[in-house]
Amino acid sequence: MMKSIYLSTATILAIFCLSMVSVQSLNAQYVTPVILDTASLESQLTYIQERTRIYNDFRAIREDIFLKMKRNALDSLNEAKLEIATLNSRLTERNFQIETLNSDLGRAKNERDEAIRNKDSFSFLGMQLNKILYNTIVWFIILGLAVLAVSLFLLYKRTRIVTVQTKKEFDEIRNEFEAHKKSSREKYEKLVVSHHSEIMKLKRS
């Protein structure tokens with residue numbers, strides 16, 4: 001009786017150990033590659049292209065890898081959208097600064113024109129200044145504002161170029177993702193139809 005109990009216990013332990021080994025082996029086979037968490041989207045696509053097989057012009061991709069790629073592509077799109085929004089905010093701020101500088105520049109020009117119409121000596125901030133000194137001060141202010149305006153314009157132009165480039169890359173990534181998604185779906189559908197046809201042929205034979 002005791003021997004039978006020992007045998008039953010040993011059998012149950014052996015089955016349990018084999019089950020755990022099988023589960024661990026199965027999980028190890030479907031671990032998502034680390035590159036899908038660390039590399040760029042382009043590197044991930046290259047990795048998928050190099051590591052997947054082509055059968056009858058169709059590329060088979062594991063479902064978990066496909067979903068991971070989908071999430072990564074959407075994350076990249078969201079990051080691009082966020083960057084575009086940030087650049088647009090900066091662009092709005094630069095435009096406001098340029099408008100303010102243009103307003104200051106116009107006001108300084110008006111002051112200069114008024115100074116030209118005045119006599120040689122006039123009061124400025126409670127001090128008597130001659131025309132030459134006043135004009136020198138005004139032109140110095142105008143020159144400084146002009147330099148600042150040009151600097152901001154160049155910065156605006158650079159920001160605009162970055163915004164356009166980012167939008168272009170965003171559109172390219174989105175188009176690549178849509179094309180990849182469409183291609184994967186079509187290949188999957190064709191593969192299912194092909195398997196179904198083969199099963200039907202085997203059943204008929």
What are the residues in the stretch 62-112 that are closer than 30 Å to Gln44 by Cα, at pLDDT below 90 and more than 11 Å from the chain's Cα centre (by Cα), if any? Arg62, Glu63, Asp64, Ile65, Phe66, Leu67, Lys68, Met69, Lys70, Arg71
Of those in the stretch 169-193 that are loosely packed, with under 13 Cβ neighbours inside 10 Å and of a type in the set (Lys, Arg), the residue farthest from Lys81 (Cα to Cα) is Arg185
Ala108 is checked against (1) more than 17 Å from Lys182 (Cα to Cα); (2) not in a helix (DSSP H, G or I) and fails just one. What number does that condition carry? (2)
Hey, can you tell me all the residues within the stretch 44-94 that are farther than 18 Å from Ala179 by Cβ, surrounded by fewer than 12 Cβ atoms within 10 Å (Cβ to Cβ) and among the polar types (S, T, N, Q)? Asn56, Asn78, Ser89, Thr92
Can you tell me which residue is surrounded by the fewest Cβ atoms within 10 Å (Cβ to Cβ) among those in the stretch 34-43 that are of a type in the set (Gly, Ala, Ser) and not in a helix (DSSP H, G or I)? Ser40
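The values are calculated or read from the model by the stated rules, or taken from the named source; none is laboratory data. The structure presented is a predicted model; accordingly, all values stated were derived computationally and were not measured. Please note: Cβ atoms are built from the backbone with ideal geometry, for glycine as well, and neighbour counts cover all protein chains shown.
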